[in-house]
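Just so it is clear, none of the values below were taken in a lab; they were calculated from the coordinates. The shown structure was predicted, so the numbers you read here are calculated from the model rather than taken from an experiment. Positions of Cβ are generated from backbone atoms using ideal geometry, with glycine treated the same way; all protein chains shown enter the neighbour counts.
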Amino acid sequence: METKTIEEIEDEITEEFGFFSDWQDKYEYIIELGKKLKGFPEDKRTDDNKVKGCQSSVWLTTGIENGLIIFKSDSDSVIVKGLIALLIRVLSGRSPEEIINAKLEFIDKIGLKQHLAGTRTNGLAAMIKQMKMYAMAYKAKEQLEHKI
Amino acid sequence: MEAVITKKIFDSDKVRKDFPILQRAAGGKPLVYFDNAATSQKPNSVINAIGNYYKNYNANIHRGLYSISIEASEAYDKAREKVREYINAREAREIIFTRGTTEAVNLVAYSYGRQNIKEDDEIIISAMEHHANIVPWQVLCEEKKAKLKIIPVNDKGELLINDYKKLISPRTKLVAVCHISNSLGTINPVKEIVSLAHEKNIPVLIDGAQAVHHTKVDVRSLNADFYAFSGHKMYAPMGIGVLYGKAKLLETMPPYQTGGDMISSVSFEKTLYNEIPMKFEAGTPNVEGAIGLGAAIDYINSIGLENISEHESALLNYATDEISKIEGIRIIGTAENKASVLSFVVEGLNALDIGIMLDTSGVAVRTGQHCTEPLMDWFGIPGTARASFAFYNTIEEVDFFIDALKNAVRILK
């Protein structure tokens, strides 16, 4: 099975959000996604895994399978959790290279940048940064191993 | 209850027309502005006073010999006089214009604090202080190796006065507490707090940022040594605030910032400082801000502070009754004596989510820690959602808010 590219997934999300005419409906959908996002290991809810946001906490862990980075994440805010679900759908299971180069234009296209990503309140911007940092760290590690 | 809520204290529709921003929509819905404890909206009279200043007599003050500079200087001085009268200070020179409450507190911490606080001295603040009335004292204490003592609160969010009495010691050199808590709405017994400190000759600073536009403040009757507040929370522009200080204290204090206007003569050998209040107003001041603040005071007086308090209390009581009917609601701050701040949490829900969902209905509330992180820690909560009312808010808006909140809770749960 051919895997979809990051851009294709982003387009899918943009299209899904195109169905909603008002913000309340968009958020209801995000909340629904948040409620469905489960399976974050309780013992990983530690300060080390915390991404700092002013009004909500986000926990993020990473693993690597066959050279692809797997993200797992959780939040005490169900809306932030919904946003996390979108980010995971786009970025999890991708190579470090793909994650580093991801432009994540869907956030702007569905209007969330203006609403959420620009503020320090929810840690979304901090989380994206953290995901990219992990990808960079894995890439650097890979390069180092290849040299050896 | 019906009688209370339907009673017309003043004509809400007429008052709302004074505020152009209240006519706008938010996200396609009428704006319901319930974040008045963060900042208030501005009436036309304030907006026009600022416009009028720039259109007709903008000039630097206290320097020019020409007519518009004289007019601007007079307007600035007149604003100071309006503030004096508003808080019933003895003299206009006891009114220092600052950027806001934060700068006013910093001024006292920097000037009075650095002059008078020594190693092992103690400063008393309370557990419900805004960060602006914590951090300046903390920094001062670190620098001087002094200690910060905290008056605790009870479950209702009221100060424990007996504990305060016990905290006062021969080492206490200053008390700094808020008049009204920004995150709980508690009205503190500031007169008692001041008089207890004065028994031991300890000066007191009151942070009045949440109080001056809700209740009549009479600094002489209160007998506070310093009283700080912001213009922007009382319908005036941002960037203007006031430090009231007793003249005899202000006169002995060193300048906070130095530069133009605060000097009486400068040579390379020696500079002589100006008299108060100019000694504490270095540089070109915020003339438009002061004029706007004067216009805001005129506006408040035209409505009447008592009418404002009465209407805001009616809104708070009604909102408190209605919100209590929602399952899982816990009101944070249930003091007997309370101003129009309604802070709450909903069991199992994050305040941020509530704030976002209310915004989709056009309702603006504040969420988070409200710059009172230690207080939130004491209540064991990450933060609250806070609705805060002004006199231009209506019972209909409270109903709309309650419906929007019920809807938000239904979606989020």
For chain B, longest principal axis from Cα atoms; helix B:395-412 axis from its Cα atoms; angle between them, nearest 10 degrees, is 70 degrees
Rounded to whole angstrom, the alpha-carbon centroid of region A:47-97 lies from that of region B:308-363 at a distance of 33 Å
Straight-line reach check, B:Lys156, cutoff 16 Å on alpha carbons, 8 or more apart in-chain or any other chain, hits among lysines -> B:Lys338
Stretched fully, the stretch from B:Lys248 through B:Ile70 gains (0.36 nm per residue minus C-alpha distance, one decimal, in nm) 61.2 nm
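Calculate the translational D of region B:198-309 in whole µm² s⁻¹ from Stokes-Einstein, where the hydrodynamic radius comes from the Kirkwood formula applied to all Cα pairs, the temperature is 25 °C and the viscosity 0.890 mPa s.
Numbers: Rh = 15.9 Å.
Here the translational diffusion coefficient equals 155 µm²/s.
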If one compares the long axis through the Cα atoms of helix B:67-87 with the longest principal axis of the Cα atoms of chain B, the angle in degrees, nearest 10, works out at 60 degrees
As straight-line cross-link partners of A:Lys109, the qualifying lysines (C-alpha separation under 21 Å, not fewer than 8 residues apart within one chain) are A:Lys4, A:Lys26, A:Lys81, A:Lys129, A:Lys132
Taking a crude spin-label model, label points 7 Å out from Cα along the C-beta direction, the B:Arg24 to B:Arg171 distance in nm is 5.1 nm
Taking Cα atoms, the helix B:135-144 axis meets the longest principal axis of chain B at an angle in degrees (rounded to 10) of 40 degrees
Cα convex hull volume per residue for region B:302-413, in Å³, equals 108 Å³
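Which ordering of A:Tyr138, B:Tyr86 is given by a fewest-first count of other beta-carbon atoms within 10 Å? Walk me through the intermediate numbers first.
Numbers: A:Tyr138 20, B:Tyr86 24.
So the ranking, lowest neighbour count to highest, is A:Tyr138, B:Tyr86.
Taking neighbour counts of Cβ atoms within 10 Å as a proxy for exposure, in what order, fewest first, do A:Leu33, B:Leu250 appear?
Numbers: A:Leu33 20, B:Leu250 25.
Ascending Cβ contact count within 10 Å gives the list A:Leu33, B:Leu250.
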Out of B:Leu293, B:Leu243, B:Ala282 - ranked by how far each Cα lies towards the positive end of the dipole of chain B, with unit charges on the beta-carbon of charged residues - the top one is B:Ala282
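Give me the dipole magnitude in Debye, nearest 20, for the protein assembly as shown about the Cα centre, with unit charges on the beta carbon: positive for Lys and Arg, negative for Asp and Glu. Mind dumping the intermediate values first?
Values: 67 positive and 76 negative charges, 219 e Å.
Value, rounded to 20: 1060 debye.
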Mean-square fluctuation maximum in Gaussian network of chain B, Cα pairs under 10 Å, restricted to B:Thr215, B:Thr394, B:Thr271, hits B:Thr271
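Which peptide among A:64-73, B:343-352 comes first, and what is the full order, when sorted by highest mean count of other Cβ atoms within 10 Å?
On the way: A:64-73: 15.8, B:343-352: 21.2.
Output ranking for A:64-73, B:343-352: B:343-352, A:64-73.
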Sorted on mean Cβ neighbours within 10 Å (highest first), peptides A:97-109, B:13-25, B:359-371 come out as B:359-371, A:97-109, B:13-25
Among B:Gly283, B:Gly231, B:Gly208, the residue with the largest mean-square fluctuation in a Gaussian network model of chain B built from Cα contacts under 10 Å is B:Gly283
Ranking B:Asn106, B:Gln210, B:Ser388 by how far each Cα lies towards the positive end of the charge dipole of chain B (+1 on Lys and Arg Cβ, -1 on Asp and Glu Cβ), the top one is B:Asn106
One checks the Cα atoms of region B:47-302 and finds Rg and Dmax, in Å, of 18.6, 60
For the protein assembly as shown the translational diffusion coefficient, Stokes-Einstein from a Kirkwood Rh over Cα pairs at 25 °C and viscosity 0.890 mPa s, in µm²/s, is roughly 93 µm²/s
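If I stretch the segment between B:Ser302 and B:Glu336 completely, what's the gain in nm (0.36 nm per residue apart, minus their alpha carbon distance), one decimal?
Working: separation 34, 0.36 × 34 = 12.24 nm, distance 2.92 nm.
Additional length available on full extension: 9.3 nm.
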Here the residues of region B:220-240 lying in the modelled label zone of B:Lys200, meaning backbone nitrogen under 19 Å from a point 7 Å along Cα-to-Cβ, are B:224-226
Region A:1-142, Kirkwood Rh and Cα Rg, ratio Rg/Rh at 0.95
HN-Hα couplings for region B:149-162 via Karplus (6.51, -1.76, 1.60; θ = phi - 60°), in whole Hz with x for Gly/Pro, come out as 10, 10, 6, x, 10, 8, 4, 7, x, 10, 5, 8, 5, 5
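About the Cα centre of region B:47-302, how large is the charge dipole given +1 on each Lys and Arg Cβ and -1 on each Asp and Glu Cβ? Please answer in debye to the nearest 20.
On the way: 29 positive and 30 negative charges, 63 e Å.
The dipole of region B:47-302 has a size of about 300 debye.
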Here the net charge surrounding B:Gly27, from other residues whose Cβ is less than 13 Å away from its Cβ (Lys, Arg +1; Asp, Glu -1), is 0
Label model pair B:Thr271, A:Ile64: point-to-point distance (7 angstrom along the Cα→beta-carbon line) in nm is 5.9 nm
Check: C-alpha center region B:85-133 vs C-alpha center region B:218-236, spacing in Å is 11 Å
Once the dipole of chain B is set up from charges on Cβ (+1 Lys and Arg, -1 Asp and Glu), the residue from the list B:Pro30, B:His198, B:Gly304 lying farthest towards its positive end is B:His198
